[in-house]
Amino acid sequence: MSAYPLSRRRWLTARRPRPGRLVALSVLIGVAIVALFPMYWLFANALTPITDTPPLTPILLPAFQFDNFQRLFGGTRYYLNWMLNSLVVALGTTAWHILFDALAGYAFAKRSFPGRDLLFAVLLSTLMVPIHVTLIPLYLISRSLGLMDSLLGVILPGTANVFGIFLMRQYIKTLPTEMEEAARIDGCSEPRVFWSIILPLCKPAMAALAIFTFVRYWNDFLWPLIILNRPQNYTLTVGVANLQAEFMTDWGVIFSGATMAALPMIIFFLAFQKYFIEGVRMGALKG
Amino acid sequence: MTNLRRFLRRHGWSYAFILPSLLTFVIFTLAPVIWALLISFQKYSLTRGGQWVSPFYQNFVVAFTQLNGVFVQAIGNTLIYTLVTVTAHITIGLVLASLIQPLSNWLRTFFRAAYYLPAVTSALIIGMTWAYIFNAQWGFANYLLRLAGLAPVRWLSDPDIALASVTLSAVLTVPATAVVLFSAAMGSIPREYYEAAELDGANPIQQWRHITVPLIKSTTLYLVVIYTIASFEVFERVYVMVPSGVANSTQTIVTQIYNNGFKDLNFGVASAQALVLFVMIAAVAAVQFRLLRSDVEY
């Protein structure tokens, strides 16, 4: 990339070194160390063989040995199940939102039909209602639909999140209408107009929405905690929270379990960093 | 019949496009919202269903008076946690974004990534890492105290300290959204404002105070609202750092809802408490809408 040498040159020549800049940099680095330390310490402990309580002198440099992970995957029967369950939940919810939020967002943004504004207002008005308000009815509804203790029961309430519809509508509203009109005149069916004209233009918003949804439901805790009962059905967050109760005395297993829950999202973030930051700007991500 | 056919030909696809979303929305959001409202005035049992309580506000009376008014204490704890956390998040986010702003592009990207990294892991795991830091026996916080020759502290088991420890852990978690949004807002302020101020002899601190801070007001407001709502809903961090609640000293609104609803199966009372949470959130949002009307333009 050509931007790199350019900005580097500017950094070396155009800016005179000032003491203020040094202070600023040291503050920023100091905060970064404090911010990253808890996660780093978790990883360092996970990568150092610990079978009992951790040592009183903290482990600051990992030994890069994987004994704890061996016991985690060997001794806890279900850890792989949990990872798989979390993957199914996160992917399932994301797939739903990518497809149907764009579809609904398109209808609300570009098509006019009786009741549109009223329906959208109703959708929007629930955006502010916290999940904690609906938790109990959600539990009762899931019970009567036979969704208890199933991954489908974790996924379905997540598909009812209207944020994605709102995001896609805002985005699709900014797209030009001429191409749709032209396609219609050429005899394209309505689903075809959506699939071939609208969908390809939605990619940036869909990427942000996909990342937001995946991270959110991979990390989700309260609802899976409530609806899942048997250990083999737990998602990763629920399972890891239970490790603490189950392996009271073997901290190595707990550390490696927490590490394996955090690591996929960190790798995901490092790989798609640009989209994450873009997603925050679009209002899709919190933190 | 022909009317219906014509109607469907014109609007059928529109309704078909929103149907899947609408279906799950009605079952898993709209119906639960309405039902939650009803249950907060009912005594609900899994075997007999709901029965209206009398007087109709009975669940709210129980919610606020049961167990010596622990819910009042939980609201208090939540408000203290919110006040400290939101103030810290906004201040730290503003300072970090301001310090990042003049840096070169790649340094800015680097710091934003470093600050954002912990935010992609779940609140539960973040809470766990802080529980380790604050472990009374082998935690890093007490190690630092030992190094300084001070007595160890029971960070998470002393009822006088536990809430402060949980709050401290939140304060020390960098507000990633604030850094990114402040940084974006600062980037969109026209350069000419600063050039004019410089001609008038304003130093960087004065420029920051009189140009930057006023012009990012709407971002500040938005962040205050989302952080306030998120702090009102604090659960995972408390659940995992202080599982026992330490003599109720770390009960929050949502831990109360969880305990009443899913430990004691007291659905009516838990719903009443959830309604209180909702009213608090709605009040914050209403204040935001009012303030947004007097928004700045530039």
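Each value in this text was obtained by applying a stated rule to the coordinates, not by laboratory testing. Computed from a prediction, not measured in an experiment: that's the story for all the values here. All Cβ positions, glycine included, derive from the backbone under ideal geometry; neighbour counts span all protein chains shown.
Straight-distance candidates among the lysines for linking to A:K274, with alpha-carbon spacing under 20 Å and chain neighbours fewer than 8 residues away dropped: A:K203, A:K286. Looking at chain B, do any whole DSSP H helices span at least 24 angstrom along their long axis by alpha carbon and average 1.6 or above on Kyte-Doolittle, and which? Helix filter hits for chain B: B:267-292. For chain A, the longest principal axis of the C-alpha atoms and the axis of helix A:251-271 are separated by about 40°.
Taken about its Cα centre, chain B carries a charge dipole of roughly 1060 debye when the Cβ of each Lys and Arg holds +1 and the Cβ of each Asp and Glu holds -1.
One Cα centroid belongs to the stretch B:74-123, the other to the stretch A:181-202; the line between them spans 42 Å.
Among B:T24, B:T78, sorting on how many other beta-carbon atoms sit within 10 Å of each Cβ, with the fewest leading, yields B:T24, B:T78. Peptide packing for B:231-242, A:21-32 was compared via the average number of neighbouring C-beta atoms within 10 Å per residue; ordered from the highest value, the list is B:231-242, A:21-32.
Put +1 on the Cβ of every Lys and Arg and -1 on every Asp and Glu Cβ in chain B; which of B:L277, B:L30, B:V84 then has its Cα farthest towards the positive end of the dipole? The residue sitting most towards the positive pole is B:L30.
Can you compute the helix-only [θ] at 222 nm over the protein assembly as shown? Use -39500 (n - 2.57) per DSSP H run of at least 4 residues, normalise by all residues, nearest 500 deg cm²/dmol.
Calculated from helices alone, the mean residue ellipticity at 222 nm is -21500 deg cm²/dmol.
Between the alpha-carbon centers of the stretch A:18-36 and the stretch A:44-80, tell me the distance in whole angstrom. First find each Cα centre; the distance between them is then 32 Å.
Note that the stretch A:159-171 has calculated 3J(HN,Hα) couplings of 6, 8, 5, 8, 4, x, 4, 4, 4, 5, 4, 4, 6 Hz, one per residue in order, obtained from phi through the Karplus relation 6.51 cos²θ - 1.76 cosθ + 1.60 (θ = phi - 60°); glycine and proline are x. Can you grab the distance from the C-alpha centre of the stretch B:1-51 to the C-alpha centre of the stretch B:208-252, Å, no decimals? Taking the Cα centre of each part, the stretch B:1-51 and the stretch B:208-252 sit 33 Å apart.
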